[in-house]
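Input: a single structure, listed below in structure tokens.
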Amino acid sequence: MAVAANTTVQAQLRPELGASLMEWDNEAAERGMVASLLMRPKAVPVQNGYVGVVSLEEMMKDSVVTDRASNGGYGRSDTKFTNFSFSTAEYGHEEVVSDRDARLYSMYLDAEIAAASRIRGILMRRLEKEILDALGNTSTFANAGAGAVWTAAGTDVLTDVRTNMLAVRDACGMEPDTLVIGMKVFRALLQNTAIIERMKYWGGDDPKVGSMRANSGLLARALGIDRVVVAGMMRNSAKEGQSASLASIWNETKAGFYVTAKTDDIKEPCIGRNFIWTQDGANPDGSVLFESYREERERGNVIRGRHESGVKVFYAECGRILTAVSA
């Protein structure tokens, strides 16, 4: 008997699909996907609400009494919190794996895992763009132009970095721990005369032959910052059916200096966080949750990936953008 096209089938969670793609997660930084490094995921039990954070003025105030007389009490003060609102939205995508295709390609790949990989790529590229667009917004963060393009071997990049790190410190009381650059600028800085010369002082490896992960560590040491994050993820902006039009998600003409979160403490001063709603079975780290259900009209299994998140900038003072670092 034929099955009706609108037959409803309960979706089943598919944790093994996510587990099968763990290697994909491990290689995410090598692929240039850096969103979770810059805005740490924060699990929340509601889809919208408020979080209380301590303002920079409160954290840095010193106009309080700290001396105590021998027969007196200690000075006291109350910490005032600033409320930030947040909201999350659900994002997801589905792909049909027909029984025929699953059999046809079974000798070469697992069709369901391949579908899950494509779905994850779609969702994570969307998140990558949302976070990098937020961090590259010159209307949100203070910004200045580079002394000269960083892609020229003789440019004094060290002065630019030092000046902008101090500018962030002057604005929020903390030095930035992270420099975000695009792949084009990253490759150029490995050829920068002053940076190579500085590496020679500690007997550093030749930056022209190392891996991206190793070289980003060398570059961070040479520039005097905790880490250099290379936002190298590409996206295809062409509409379906058109020829591919690939471009970097991060604006290659910009470099960003940021104070990023190190812990899950919501009161930790940082540029912001990515809120993850977890009450619908979602993963608290923001990774994609997979489900599947049977669709007889297609004679196949529908693989669905989803997560619910909301990006929020907390302290604009904790970031600074340098423009015109490349042509």
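The values are calculated or read from the model by the stated rules, or taken from the named source; none is laboratory data. Nothing here was measured: the structure is a model prediction, and the numbers come from that model. When we count neighbours, we look across all protein chains shown, and the Cβ atoms used for this are built from the backbone with ideal geometry, even at glycine.
Assuming Ile181 fulfils every condition listed in (1) of a type outside the set (Phe, Trp, Tyr); (2) within 17 Å of Ala146 (Cα to Cα); (3) at pLDDT 95 or above; (4) surrounded by fewer than 22 Cβ atoms within 10 Å (Cβ to Cβ) apart from one, which condition is it? Failed condition: (4). Is it true that Ser98 is polar (S, T, N, Q), free of Cβ contacts under 8 Å to residues at least 24 places away in the same chain and surrounded by fewer than 17 Cβ atoms within 10 Å (Cβ to Cβ)? No; evaluated as a whole, the condition is false for this residue.
Filtering the range 193-211 for residues that are modelled with pLDDT under 75 and assigned to a helix (DSSP H, G or I) leaves an empty set.
In the set (1) at pLDDT below 95; (2) among the charged types (D, E, K, R); (3) within 30 Å of Pro269 (Cβ to Cβ); (4) not in a helix (DSSP H, G or I), Glu175 fails one condition alone, (1). The set of residues in the range 250-281 being at pLDDT 95 or above, in a loop (DSSP other than H, G, I, E, B) and farther than 13 Å from Arg40 by Cα consists of Trp250, Asn251, Glu252, Thr253, Lys254. Residues considered: Ala148, Ala89. Of these, the only one that is surrounded by fewer than 20 Cβ atoms within 10 Å (Cβ to Cβ), among the aliphatic types (A, V, I, L, M) and touching a residue at least 60 places away in the same chain (Cβ under 8 Å) is Ala89. Tally up the residues in the range 246-287 that are of a type outside the set (Val, Ile, Thr) and either under 25 Å from Thr151 (Cβ atoms) or in contact with an Asp or Glu (Cβ under 6 Å, 6 or more places away or on another chain) (or both), please. Summing the residues that are of a type outside the set (Val, Ile, Thr) and either under 25 Å from Thr151 (Cβ atoms) or in contact with an Asp or Glu (Cβ under 6 Å, 6 or more places away or on another chain) (or both) in the range 246-287 gives 14. Once the range 263-294 is narrowed to residues that are over 18 Å from Gly92 (Cα atoms) and charged (D, E, K, R), the residue that is surrounded by the most Cβ atoms within 10 Å (Cβ to Cβ) is Arg273. Of all residues in the range 197-217, none satisfies being in contact with a Gly (Cβ under 7 Å, 6 or more places away or on another chain) and either surrounded by 17 or more Cβ atoms within 10 Å (Cβ to Cβ) or farther than 30 Å from His93 by Cα (or both).
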